[in-house]
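Encoded as structure tokens, the structure appears first; notes follow it.
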């Protein structure tokens, strides 16, 4: 499969399965591996990778925390 086909399958799976699309592609790859169809399994893993890239990072990974002080100085005023 060329990259255009990979991306097309990935988009269709995302549209059909949403957040479960990556898991669906992984299951298809595993089924193909079990049946000995290595080329098809490789394509499904490439589809899975494309879905992961399209889906982007999870929200918890993309948030940046403000730095928190590790200690307080004695006599420092508390901020409200």
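The values are calculated or read from the model by the stated rules, or taken from the named source; none is laboratory data. Here the structure is a predicted model, which means the values were calculated and not measured. All Cβ positions, glycine included, derive from the backbone under ideal geometry; neighbour counts span all protein chains shown.
Annotations for the structure displayed:
- If the condition is being out of contact with any helix residue (DSSP H, G or I) (no Cβ under 6 Å at 6 or more places or on another chain), assigned to a helix (DSSP H, G or I) and surrounded by 12 or more Cβ atoms within 10 Å (Cβ to Cβ), then segment 31-51 contributes 31, 42, 43, 49.
- Candidates 28, 52, filtered to the one that is at pLDDT 50 or above and more than 12 Å from the chain's Cα centre (by Cα): 28
- Test set (1) at pLDDT 95 or above; (2) over 12 Å from residue 9 (Cα atoms) - residue 61 fails condition number: (1)
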